[in-house]
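Only one structure is covered here, and it is reproduced in the block below.
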Amino acid sequence: MYRPLLATLLLGLFPATQDINTDGMTLEKMAIAPPSTELQFDDQLSASGIVIFNSDNGQVVYGREQKIQRSMASLTKLMTALIIVENHELDELVTIPHSVVDMIGNKAYLPPGEKFTVGDLLSALLINSANDAALTLAQFHSGSSSAFVGEMNERALELGLRSTSFTNPAGLDNPAHWSTPQDIAWLAMFAMRYPEIADRLGRAGQRIVSTAGDSIQLYHTHALLHKQSTTQAEVLAGKT
């Protein structure tokens, strides 16, 4: 039975499964596994870059320009989340820095000076795809965004992501910020081993509350998580 992952610039779709097993599997094995001819999606998927693989043996069952480097946008946040869950407890408190005011792009509008738990900020990062949450967590962990980016690139190399380069923790456009569908697929599969990440990627929404009592309603940016009744297969988790 296939348990594939589709990764593109716009969509990460994880069909429902009970376990995601990456033990003993490497990106190199995934890359050299012979493609399967069982699945054909040419007329069904419009994304320019796609990879679907069997998580049990690393076999690529479908690919379209999966090794071509391109902007990864907010799929970047998978690496940001991975570093945070590998190094912090969810109940740690984080003060929102004033630098979030100048953050561009999608935001949760975290109030500067207030405190949220790491878990709530992780929810804002993965559910709402909030750039201000990415900046807050990066500065909390490393002291600065640039130092955090250094850790992101080191972790990418440790995971064997040879075609990935990070310049910021949120996914803002930059000529040197890129990856491939194949690298992102492997990163997503590894990140999904952590229930702290997998659970949040599957929530349609959540309300987070600061220690001062201010609440923020989060809504998942992935449309398929809001249309479960109309999909042919259950969607376990997703990231745009």
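Numbers below:
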{"read-out": "Tally, over the range 168-188, of residues that are of a type in the set (A, V, I, L, M, F, W, C), crowded, with 24+ Cβ neighbours inside 10 Å and more than 12 Å from residue 76 (Cβ to Cβ)", "value": "2"}
{"read-out": "Filter pass, residue 115 being within 17 Å of the chain's Cα centre (by Cα) and either small (Gly, Ala, Ser) or in the same structural domain as residue 218 (by TED's automatic domain parsing) (or both)", "value": "no"}
{"read-out": "Filter result for residue 195 (under 22 Å from residue 90 (Cβ atoms) and free of Cβ contacts under 8 Å to residues at least 12 places away in the same chain)", "value": "yes"}
{"read-out": "Looking only at the range 72-104, and only at residues there that are small (Gly, Ala, Ser) and at pLDDT 95 or above, the one that is surrounded by the most Cβ atoms within 10 Å (Cβ to Cβ)", "value": "81"}
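The values are calculated or read from the model by the stated rules, or taken from the named source; none is laboratory data. Being a predicted model, the structure only gives us computed values, none of them experimental. Every residue, glycine as well, gets a Cβ built from its backbone with ideal geometry; the counts of neighbours run over all protein chains shown.
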